[in-house]
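Readers should treat all values here as calculations from the given coordinates under stated rules, not as data from a laboratory. Since the structure is predicted, the reported quantities are computational estimates derived from the model, not experimental observations. Note that we place each Cβ from the backbone using ideal geometry, even for glycine, and neighbour counts take in every protein chain shown.
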């Protein structure tokens with residue numbers, strides 16, 4: 001089964017810096033999504049990028065997708081302490097199943 | 001936006017007892033809901049897909065007799081952990097899709113933390 005793999009597993013930066021997280025997957029996808037999870041909480045959908053898209057922006061978020069390399073990146077610009085959370089990529093398994101397969105996640109810590 | 005709630009938010013129970021967790025879509029109808037399990041510092045693992053009015057579809061390795069799923073209405077799915085044991089202690093999260101806005105985005109509940117003593 002396909003699985004997203006994020007790297008790095010953990011990232012610690014200072015407020016104001018940019019944070020880049022990467023995700024790789026194994027099989028073809030319909031779309032790739034990024035979610036955020038605060039400690040001990042549910043997930044919040046951040047952004048979705050379809051397989052025919054290469055880049056997408058939403059506020060301070062920028063997502064790229066390279067289907068030839070089966071990889072995606074999430075860039076958070078001008079980070080804030082409130083961005084501290086775990087970030088997961090999830091791939092649509094396709095085939096009409098509606099299932100998402102989540103990667104292992106990157107724990108981001110933004111120090112004030 | 002679409003809101004999904006879970007109840008309870010946390011539960012502590014004795015080994016051998018059964019625990020029911022509810023997942024509700026508050027402002028939309030969900031024919032399909034998903035149940036995930038998350039161990040500390042790990043990712044989400046899909047347990048099963050809950051289908052309104054029909055049997056749930058379980059992922060490989062998930063015991064259907066252990067984790068009973070009922071999706072009796074378009075806004076409610078329940079997960080019952082039967083004869084719970086300490087190894088069932090985990091964070092259980094449900095999600096649902098709001099087809100009014102997107103067939104692809106899943107909206108997640110806040111999760112239920114289960115501790116089995």
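Miscellaneous remarks
- In plain terms, the residue of A:104, B:41 with the fewest other Cβ atoms within 10 Å comes first and the most crowded comes last, giving B:41, A:104.
- The simple spin-label model puts a point 7 Å past each Cα toward its Cβ; for residue B:65 and residue B:31 those points are separated by 3.2 nm.
- Converting the Cα gyration tensor eigenvalues of chain B into ellipsoid dimensions via √(5λ) gives semi-axes, longest first, of 23, 14, 13 Å.
- Summary of the geometry: the range A:42-112 and the range B:68-117, compared by the centres of their Cα atoms, lie 22 Å apart.
- Estimated FRET transfer efficiency (residue B:72, residue A:14; beta-carbon r; R0 41 Å; 0.05): 0.25
- Compactness of the range A:1-69 as Cα Rg over 2.2 N^0.38 Å, two decimals: 1.18
- Remark on the range A:51-112: hydrodynamic radius 13.3 angstrom, per the Kirkwood mean of 1/r across alpha carbon pairs.
- Net length available on complete extension from residue A:54 to residue A:38 is 3.0 nm, with 0.36 nm assigned per residue and the Cα-Cα distance removed.
- Chain A, relative contact order [Cα under 8 Å, separation at least 6], %: 38 percent
- The mean number of partner chain beta-carbon atoms within 10 angstrom of a residue's beta-carbon across peptide A:35-45 is 6.
- Computed from label points 7 Å out along Cα-Cβ, the spacing between residue A:26 and residue A:98 is 2.5 nm.
- For A:88, B:28, A:102, the sequence from fewest to most other C-beta atoms within 10 Å is B:28, A:102, A:88.
- Residue order for B:45, A:21, fewest other beta carbons within 10 angstrom first, comes to B:45, A:21.
- Paramagnetic reach from residue B:87 in the range B:1-37 [backbone N under 17 Å; point 7 Å along Cα→Cβ]: B:15-17, B:37
- Within the protein assembly as shown, the proportion of C-alpha pairs whose separation exceeds 28 Å stands at 30%.
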